[in-house]
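Every number here is computed from the coordinates shown, using simple stated rules; none is lab data. Everything numeric here is computed off the predicted structure, so don't read it as measured data. With ideal geometry, Cβ positions are generated from the backbone for all residues, glycine too; neighbour counts draw on all protein chains shown.
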Amino acid sequence: MFNFFRKNKVRVRIAPSPTGYLHIGTARTALFNLLFAKKMGGKFILRIEDTDLERSEKRFEEDIIQSLKWLGLDWDEGPYRQSERLDIYEKYLIKLLKDKKAYYCKCRKEDLEKERELQTKLGEPLKYSGKCADQNISPDQASLIRFKINAAQVVFKDLIRGEINFDSALIGDIAIAKNLRTPLYNFAVVIDDYEMKISHVIRGEDHIANTPKQILLQQALGFPEPKYAHLPLILDPDRSKMSKRFSATSIQEYREQGYLPEALVNFMALLGWHPSDDKEKMDIDEITIKFEIDRIQKGGAVFDVKKLDWLNSEYLRGEDNAILLKSIKELYGKELGGLNDEVLFKMLTVGKARISKLRDFLDLKASFDLLEYSLDLLIWKDTDKKIILENLKKSREILRTVLNTKFNKEDLEKELMPMADTRGRGAVLWPLRAALSGKDKSPGPFELMDVLGKDETLKRIELAIQKLEFGGKN
Ligand code: GLU
C-alpha cells in the first residue's frame, strides 16, 4: 500500500453535494485540501456529488463553482459529476453482486421501522438484520442493493486524530444503491476515490462514521486505502455545531456583505489550524508555506465573527480605493442613490477606517445625509444662541472664500481652525458639524465638508442660519 502512494502523487478532492449554497464548512475543507495539495506538489480535484436526484439542483452546483472561484480556491481537475459516471458505478455494483458481497433487498421503509422498534424494545443496537441476504431477491422486487458487512474491527490512522477503531458488528449491511443506475453516497465515494486515485481524504469530522463503511467497501473491492484526515467541526460561540442562528453559513452571504475573498480565506485557514508563530494575518502563499496537516486541532473550531471583521478591515485598508468602489457599486449599486463616483470615492477615502466590510459603506454613506433636526441640536452646551449664530456666520464667511479646489479636509482645517481657536472650538465646530449632518453623531465637520463639497456645505450652513434667525426661541 505504501508503494501506491509513493508511485502516485498526492491527489486530494473536495466533493460537495449540490443540495445547498457553498457552505463555509465545505469551503474550509476545500481550502485545507488545496493547501495540502500545494504543499505536497499534488493535485486538487473537484467532484460534484449529485447522486441524490431529489435534493441536487443545478443552481447550487453553479453557486458552488462560482463561490470556489471567487475565493480563489481553484482546482486542477474537474468538475467531475457523479451523475455522469453511472456506468462506472454499475460495473462495480455488478461485480459486488456477482461475488455475493452485495445483495438485493426488498425491505420497505415500514419493514425497517418495525425492525428498529423491536430492536429498541430488546435494547439491541439499531441495525439492519440482514434478512434479505440469502433470499435471492430479484432486481424487480428489490428496493435497494445492500453491501454485506462482516463483523470485524476496522482500524485506521487518522492524520489528525490518530488511531480510530470501529466495531463493524455494530453496523448492519449498508445500502449502497437504490438500483444499478442509482448509487448511494458511501458507495459512489469509494468508487470515485479509487478511480480518481485519491491519496488523502481530507473532510469534515461529520464523515467519521462513514469511514469504516468506506474502508470495508474498499477491502471488498480490493482497492488501496487512502489516508484519512477528519477536520474539526466549526462551532458557534455557544460551542454548538455552527448554524444560521449565529452567523451566515453560505459563502454567498459573506460575499454579499462585502467580505473580501482574501480575508475569508485567511480566516478559514484559522478555523482549526494556526501556524507555530501564532501569526494571524497571512495571505495564501504565506499560509501554504506554514501549513502542516498535523498542526490541525482535534477540538471544534469556534467561529469568531469579530476576528473575521478585524481581518476583513485589515484587508480593506490594504486595498486600492478605486477597486473597492468598483466592488461596492457592483454589490450595492441600487442602494447608492445615484451619487456620482467622485462623491462616493471621497466618502470611502474619509470613512474607510470606520468600515469593516463593504456593506458598511451604506451606513457610511447615510452618515453624510442631512437629517431633519431641531434648533437645539445646533447649540453647544450652554452657549448663547446669538454666539452660535455669529460663529456659523463667521464660518460661512471663511468658507465662501475657499476655492473649490481647496475644499478638502486638510486645507479646510488650516482655514477654519485659527478662528475656532479664537472663538472656542466647541462653540464653532459643534454647530458647524450639526448643521452639516443634522445628527448628534456623525463624521467630523472637516470630513463632512470634504465629501459634501462647497455648494452643499454652504447650503446646509445657510439652512442652519435661517433656523437660528427665524426658527423660534432658544
Ligand atoms: N458529498 C459529501 C458532502 O457534501 C462529501 C463527501 C466526502 O468528502 O467524502 O458532505
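Evaluate the Debye formula for region 60-116 with equal point scatterers sitting on the alpha carbons, no solvent, and hand back log10 of I(q)/I(0) at q = 0.15, 0.19, 0.28 Å⁻¹, in q order, two decimals.
So the normalised log intensities are -0.75, -0.81, -1.08.
5 Å is the cut-off here: which amide hydrogens, built 1.01 Å from N in the peptide plane, fall below it relative to Ile234, excluding neighbours closer than 5 in sequence?
For Ile234, whose amide H was placed from the backbone, the distant partners under 5 Å are Met242, Ala301.
Out of all DSSP beta bridges in region 121-232, what portion is antiparallel? Express it as a percent rounded to 5.
DSSP beta bridges in region 121-232 are roughly 65 percent antiparallel.
Taking θ as phi - 60°, what are the ³J(HN,Hα) couplings along region 262-269 by the Karplus curve (6.51, -1.76, 1.60), each to the nearest whole Hz, with x for Gly and Pro?
Running phi through 6.51 cos²θ - 1.76 cosθ + 1.60 with θ = phi - 60° gives 5, 5, 5, 4, 4, 5, 5, 4 Hz.
At a temperature of 4 °C and a viscosity of 1.567 mPa s, determine how fast the chain diffuses translationally according to Stokes-Einstein, using the Kirkwood radius over alpha-carbon pairs as Rh; express D in µm²/s, rounded to the nearest whole number.
After rounding, the answer is 48 µm²/s.
Can you spot the lysines whose alpha carbon is less than 25 Å from Lys346's alpha carbon? Ignore those fewer than 8 places along the same chain.
Leaving aside lysines fewer than 8 places away in the same chain, those within reach of Lys346 are Lys326, Lys329, Lys334, Lys357, Lys365, Lys406, Lys409, Lys414, Lys439, Lys441, Lys454, Lys459.
Quick check: the angle from helix 86-98's long axis to the longest principal axis of the chain, C-alpha only, nearest 10 degrees?
Computed tilt is about 30 degrees.
Counting only the backbone N, which residues of region 279-320 are under 15 Å from the spot 7 Å out from the Cα of Gln257 toward its beta-carbon?
Counting backbone N atoms under 15 Å from the label point, the list is 303-314.
What's the FRET efficiency of Arg108 with Glu84 using the Cβ-Cβ distance as r and R₀ = 30 Å, to the nearest 0.05?
Once rounded, the FRET efficiency stands at 0.50.
Using the 4.7 Å Cβ rule, please list in number order the cysteines from the chain without any candidate partner.
So far as the 4.7 Å Cβ criterion goes, Cys107 stand without a partner in the chain.
Amide H to amide H, which residues 5 or more places from Tyr259 or on other chains are under 5 Å from it, using H placed in the peptide plane?
For Tyr259, the qualifying residues are Leu358.
Tell me the volume per residue, in Å³, of the convex hull enclosing the alpha carbons of region 206-246.
72 Å³
Which of the aspartates and glutamates could a cross-linker bridge to Lys121, judged by Cα under 20 Å and excluding same-chain residues fewer than eight apart?
Glu110, Asp111, Glu113
Scan around His200 for amide H atoms under 5 Å from its own, H built in the peptide plane at 1.01 Å from N, and keep only partners 5 or more places away or cross-chain.
Arg11, Lys227
Let me check I've understood the local charge: for Val190, count other residues with C-beta under 14 angstrom from its C-beta, Lys and Arg +1, Asp and Glu -1. What total comes out?
Here the charged neighbours net out to +4.
Roughly how tilted is helix 409-423, in degrees to the nearest 10 and between 0 and 90, from the longest Cα axis of the chain?
So the inclination is approximately 50 degrees.
If you take every DSSP beta bridge fully contained in the chain, what fraction is antiparallel? Give it as a percent rounded to 5.
In the chain, approximately 55 percent of DSSP beta bridges are antiparallel ones.
Enumerate the lysines that Lys157 could reach by cross-link, defined here as Cα to Cα under 23 Å, with residues fewer than 8 away along the same chain left out.
Partners within reach: Lys7, Lys9, Lys38, Lys39, Lys43, Lys197, Lys213, Lys227, Lys298.
Any chance you could get the radius of gyration and Dmax over the Cα atoms of region 352-474, in Å?
Reported Rg and Dmax, both Å: 14.2, 44.
Excluding Arg85 itself, calculate the net charge of residues whose Cβ lies under 13 Å from the Cβ of Arg85, where each Lys or Arg counts +1 and each Asp or Glu counts -1.
With Lys, Arg at +1 and Asp, Glu at -1, the neighbours total -4.
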